[in-house]
Amino acid sequence: MKKTMFVMLLTVLCALTPGFSDETRSVPPQQVAETSAPAHSTQGGDWFTRLRALYILPNDSSGSVNTIPHSGVGVHPAWTGEFDFGYMFTKHLGFDLILATANHSLWGKKALQGTKIGSAWLLPPTLTLYWRFFPEYLAQPYLGAGVNYTYFYGIDCSLASTHLNLSNSWGAALQGGVDLFFYQNWLFNIDVKYVWIDTKAHLSGSTNGHVHVDINPWIFGFGFGRKW
């Protein structure tokens, strides 16, 4: 009788013990957690793609054109579009690469005030390593830092019989933003970057001279994206 009661008690305890059933034992705890994670939750191995509109606001400064005392060069703001993609090494740490190009006008300052010097296209691919603070939330803010290389092309000089050349640039970049998930893997993104870009402008022809220009733009972006 005692033996029968002991077997019945052991059977009941086994049935009530969490994780004892065949179904639970067959699935590792980590896999159970991953399976139950919501679609917007970011995990290591996830890819991100985004399309954004950008407003580029130069925080520019320059010296004087060496042949024109008390002069300077400024860079006007510009709007453009941008594509970026990123990858998460862990649920917190990932990288982001932006691809965009924009046309900026160059205007004189001080002694050259009101004089259009020319325009140029900037291609500034920027790679950042960033930290995502709350990967399980619908709103996922992040901060990052990285490097930028700016290539100048399509350079046009507005001064008569004058050629303009701009040197390419390496510089650092800082980044901050937030992904706002609104439907499963789809998101709205707001992003701000500050990029160090500097160039040496060389004028040759009827107007000669050179000047160092710091462009150093704030880049404000907003758009839509998806996590894959």
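We did not get these values from a lab; they are worked out from the coordinates using the rules stated. Here the structure is a predicted model, which is why all the values come from computation and not from measurement.
A few notes on this one:
- Per-q log10 I(q)/I(0), segment 45-227, q = 0.12, 0.17 Å⁻¹ (Debye; single scatterer per alpha-carbon; no solvent): -0.60, -0.97
- Sequentially through segment 97-112, phi angles give Karplus couplings (6.51, -1.76, 1.60; θ = phi - 60°) of 10, 9, 10, 7, 9, 8, 9, 10, 8, 10, 10, x, 10, 6, 5, 9 Hz, Gly and Pro residues having no value and appearing as x.
- The calculated pair-distance distribution of segment 44-105 uses every alpha carbon pair, bins of 10 angstrom beginning at 0, and gives 19, 29, 24, 17, 9, 2 percent.
- Phi angles of segment 74-81 translate, via the Karplus equation with coefficients 6.51, -1.76, 1.60 and θ = phi - 60°, into HN-Hα couplings of x, 10, 7, x, 7, 9, 7, x Hz per residue; Gly and Pro are given as x.
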